[in-house]
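The values are calculated or read from the model by the stated rules, or taken from the named source; none is laboratory data. What you see is a predicted model, and the numbers here were worked out from it, not measured in a lab. With ideal geometry, Cβ positions are generated from the backbone for all residues, glycine too; neighbour counts draw on all protein chains shown. Heavy atoms of the whole protein, side chains included, go into the accessibility calculation; ligands, DNA and RNA do not. Shrake-Rupley method; radii C 1.70, N 1.55, O 1.52, S 1.80 Å.
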Amino acid sequence: PQTMTTRFFPEYPWDKSSLKSMPVDLQQFEKLDAYALKVNVTNSVEELVKALLKQARTDLEKVRAIWMWICHHIEYDVVGYHNKSQLSTKASDVLQAGKSICEGYAELFERMCSIAGIQCMKLSGYSKGYGYKLGQTFTGDSDHTWNAVYLDGRWHLLDSTWGSGAVDDSFTKFTFRYNEFYFLTHPALFINNHFPDNSNWQLLKPTLTLKDFEKNMLHNSNFYMMGLLTAHPQTTVIQTVNGKASVSVDCRSATLFTFKLKGTDEHGLMTLKKHGMKLDIYPQKTGNHKLQIFAKPSKAPDEVYNCVLEYVVECKSVDKAMRFPKDLHQPVGPSWFTERQGFLRPSHPNPIIHTNDGRCSLTFTLGKDISVFALLHCDDSSLTEDVGRRHIMQIHRGNQTEFKIHLPHAGNFVLKIYAKKKSDPGNYDYIFNYLITCLNTEVKWPAFPQSYTKWLEDYEILEPLSGLLPANRNIQFKLKMHGIAKVLVQAKNTYPLTQSRGYWEGTCNTSGCREVFVMVHENANHSFYSHILKYEVETQ
């Protein structure tokens, strides 16, 4: 009857803060766990349970003690698996042998619970365990057995076979490797690799169909242990649409990600989000490509990245416009990570900056004691590092910094941003990068003027911004500088600039010279001038 099931299987709230179906504080189990591991009574199941329950008061503690003991004392019988007819899965025989297959684990678990006075069910169904192939279908008899226990007025799932360890690829050797994940796993996660014969025992509303189960991506327990929660799409195979495929991951805490498409991270754009990441993939060849996604917790910078997801990307057509420069680093754009490095309130939160006229300007508020600089890269070999640097002008206003960028030509560029603590004598560290794209082939901005060491970081050029001045013209100068006594512009002749309201202004004429220098007198009593800016003049 329907009412029976709804009372039996109430909906499980899952706030994603825990991987369990009820509140469990693992630290409170430490003493009990240690005790259960030491119990070595094997003459009878009754005696074993009696010994285990000496330290367990609540039903939850009783289940925990039984679980811990089985997971650490019963090994998977790889020989018996290949010869099931000879194998007894009766609880007493499993205890005597110290090994069994999944039915034996579940049988022993159920028997021990019943002695302890706890309701326990043995469940069977399909599993995505040993021998599972991506995208396979399930037919015929069920292939796995696990348990449900009744605690605090509802049923909870656990799998002591998978909690105890793992078999190797050739299915000849079992290794004890305790896995906390399969103890009272939340049903929304358990369904990822356990499909019970009776769909009520999914403990889910609505229940999944076998089709869904077959199609859905398999997450290894690595995925959940790293605090990752869900991945989209949920299917293993992704088809590109107009040459693009997208993947996103949600997680509980700040996590770093990388990816490989056919072994490289060149054909994608990955952005970190507060709770996860988003990845757009643009394969540059048609066909099927393997996509792997790796993760590591941000609190463990020295740890290695673990593979948490694998997809197959079916690419029907290639989007050639989305060929990224090889200097592009993943992840792209600002994020919680760059914020931690002191880059606050970015003017451009997105990883790609589109410019139609070849110009753009980015601003950040900088954390205390941070010094920054940027470089421009492009696959075009004529753009050397020095030239690239001259196409960026950096301006400081208090704790704000601005990068003005004038692109030398159309195309895809990488803006790489570096920083260091001002108090550190060492080198700058690479922090993050943007992709700047410009499709307008008319674009051809000259570099900014060259600046020398006496040009201070909070000085500012209002005009002329172009480092290449027209010949035989009067050029208007307007510069913002402080702490200076005199300013001269030297062309063929020398022209003084005059100061008004913090700006130095004036004009110079470019006829008869190839270069124009701006020079400053720092002290009125000295006759010594320092060069601070250099402009080129166009040849006729």
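General observations
- Largest to smallest principal axis extent of the C-alpha atoms in segment 26-207, angstrom: 46, 39, 26
- Percent RCO, i.e. relative contact order, over the chain, from Cα pairs under 8 Å lying at least 6 residues apart: 8 percent
- Computed with a 1.4 Å probe over protein heavy atoms only, the accessible area of GLU214 comes to about 20 Å².
- With both residues required to sit in the chain, DSSP beta bridges show an antiparallel share near 90%.
- In nm, spacing of pseudo-spin labels at GLU30 and HIS354 (7 Å Cα→C-beta vector): 5.5 nm
- Partner lysines for LYS492 [C-alpha distance under 23 Å; skip if fewer than 8 residues away on the same chain]: LYS454, LYS478, LYS534
- Protein accessible area in the chain, 1.4 Å probe - carbon and sulfur %: 49 percent
- Spin-label zone in segment 106-132 - amide nitrogen under 20 Å from a point set 7 Å from the Cα of LYS173 along the C-beta vector: 130-131
- Distance-filtered residues of segment 71-93 - backbone nitrogen under 15 Å, label point 7 angstrom along GLU46 Cα→Cβ: 92
- Eligible lysines near LYS133 by straight Cα distance, threshold 17 Å, same-chain separation 8 or greater: LYS211, LYS215, LYS290
- What separates the Cα centres of segment 157-214 and segment 366-393 is a distance of 51 Å.
- Restricting segment 10-101 to chymotrypsin sites (Phe, Trp or Tyr not before Pro) in coil, as DSSP defines it, with at most 11 other Cβ within 10 Å: none
- Estimated distance in nm for a label pair at SER114 and SER88, the labels positioned 7 Å out from Cα along Cα-to-Cβ: 1.6 nm
- Global form of segment 354-393, assessed from the alpha-carbon gyration tensor, a/c cut-off 1.5: oblate
- DSSP-defined beta bridges in segment 450-537 - what % are antiparallel, rounded to 5: 95 percent
- Near ILE238: Cβ cut-off under 13 Å, other residues only, Lys/Arg at +1 and Asp/Glu at -1. The net charge is +1.
- In terms of its Cα atoms, segment 169-306 spans 45, 38, 37 Å along the principal axes, sorted from long to short.
- For the chain, cysteines whose Cβ has no other cysteine Cβ within reach (under 4.7 Å): CYS71, CYS102, CYS251, CYS307, CYS315, CYS360, CYS378, CYS438, CYS508, CYS513
- Surface per residue (accessible, 1.4 Å probe) for the chain, Å²: 50 Å²
- Inter-site label distance for SER253 and THR494 at 7 Å from Cα along Cβ, in nm: 6.5 nm
- Number of Lys-Lys pairs in segment 336-438 with C-alpha atoms under 17 Å apart and a separation of 8 or more places or on different chains: 4.
- Taking Lys and Arg as +1 and Asp and Glu as -1, the other residues whose beta-carbon sits under 9 Å from that of HIS329 total -1.
- Legend: calculated FRET efficiency, LYS215 to ASP386, from the Cβ-Cβ distance at R0 = 56 Å, rounded to 0.05, equals 0.55.
- Gain on full stretching of the segment that runs from ASP458 to LYS122 - 0.36 nm per residue minus C-alpha separation: 113.7 nm
- For a straight C-alpha distance cut-off of 18 angstrom, the aspartates and glutamates reachable from LYS274 (same-chain residues fewer than eight places away being disregarded) are ASP15, ASP250, GLU339.
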